[in-house]
Structures are given as structure tokens and as C-alpha cells.
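The values are calculated or read from the model by the stated rules, or taken from the named source; none is laboratory data. Small disclaimer: the values here were computed from a predicted structure and weren't measured. FYI the Cβ positions are ideal-geometry reconstructions off the backbone, even for glycines, and counts take in every protein chain you see. These accessible areas exclude ligands, DNA and RNA; they are computed on the full protein's heavy atoms, side chains included. Shrake-Rupley method; radii C 1.70, N 1.55, O 1.52, S 1.80 Å.
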Amino acid sequence: MAPGRRLDDDGFLMSAPLRPTAAGAPAGVPTGYRVRTWARGGVTRVLVLTEDGAFAARGQIAVPSPGHTAVIDQVETSPAHRRRGLGSLVMRAFENAAVATGSSTGAPAATTGGQALYEALGRRTHGPLTSLVRDVSPQTPGA
């Protein structure tokens, strides 16, 4: 392993066919939350905030090119906002974004905690996944 890198927590490689759903319909967003979605460079990000602007949930999905597998990453729900359907809301927004670009399969890399959500949403676990993380230290100005 190269210097400045470390193994991340254990995870799981998962996948599922994608189907468009009503992600942003008023009935799909729980009361007290708002959703912001934007895309740039093949990556769509979703951010769920409370009405007063506090972080509730987020994630991103990358679609390398039309028709290819979409890779789901960094899905997170704030502990104070769990069990309210926000993870499912983020995943539905991802499915819609990926299907719109021609993808038919989504592949999340799940943490131990996220595996249950993904399985409840129809994802299948293929096996364990090991991730390598690059630790970035702050740069000294002018260095």
C-alpha cells in the first residue's frame, strides 16, 4: 500500500436493475425536507436538507456513458434524520438520473450499515468489497 493510503471499513459490492420512479413528487419528499439535485461531468448529486437548511442526507451517482452501469457512492443520512425514508428518496433520485442517461443497472458500494437499505430496495449483494482511501493533509500555502 502506498504511503498516505489506508484501508476503509468493510463493504459490499451490490447491484440491481434500475427503474424510473416518482423521486421528486411532492408525496415522495417527507414533510419538513427539501431536495436539491444537480449534475456535472457525468456525476449527479442529491442533497436533502431540512426546511431550516440543516444537512439530512446526501449521495452521488456516476454514469460513465449512456448504457453503462451507474456507480452509486457516498450515500449518507444524518443520524438525527434516519428511519424517515430519506435514503430511499436519494436512491429513487439516483435511479431516475441514471435511467434518463440510458443506464439499466446501478452498482452501489455499500457499508455494513447501508447494505440493509440497499437490500430492502431490491439490490443484490455480490460479495465483499475492500476500499483504499487516500488521506489528504492540508497543504501549506505557497508550498
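Using 0.36 nm per residue of separation minus the Cα-Cα distance, give me the extension gain between THR37 and ALA120 in nm, one decimal.
27.6 nm
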Kirkwood hydrodynamic radius for the chain: how many Å is it when counted over pairs of different Cα atoms?
16.2
How big is D, in µm² s⁻¹, for the stretch 31-78 by Stokes-Einstein at 10 °C and 1.306 mPa s if Rh is the Kirkwood radius over C-alpha pairs?
138
Report the accessible area of SER103, computed with a 1.4 Å probe over the heavy atoms of all protein chains in place, in Å² rounded to the nearest 10.
10
Quickly estimate the mean residue ellipticity at 222 nm for the chain, helices only: each DSSP H run with n ≥ 4 gives -39500 (n - 2.57), and the total goes over all residues, rounded to 500.
-5000 deg cm²/dmol
Highest-first arrangement of 83-89, 51-57, 3-9, where packing means the average Cβ count within 10 Å
83-89, 51-57, 3-9
Given the stretch 73-135, report the % of alpha carbon pairs whose separation exceeds 18 Å.
41
What is the chain's relative contact order, in percent, from Cα pairs under 8 angstrom and six or more apart in sequence?
37
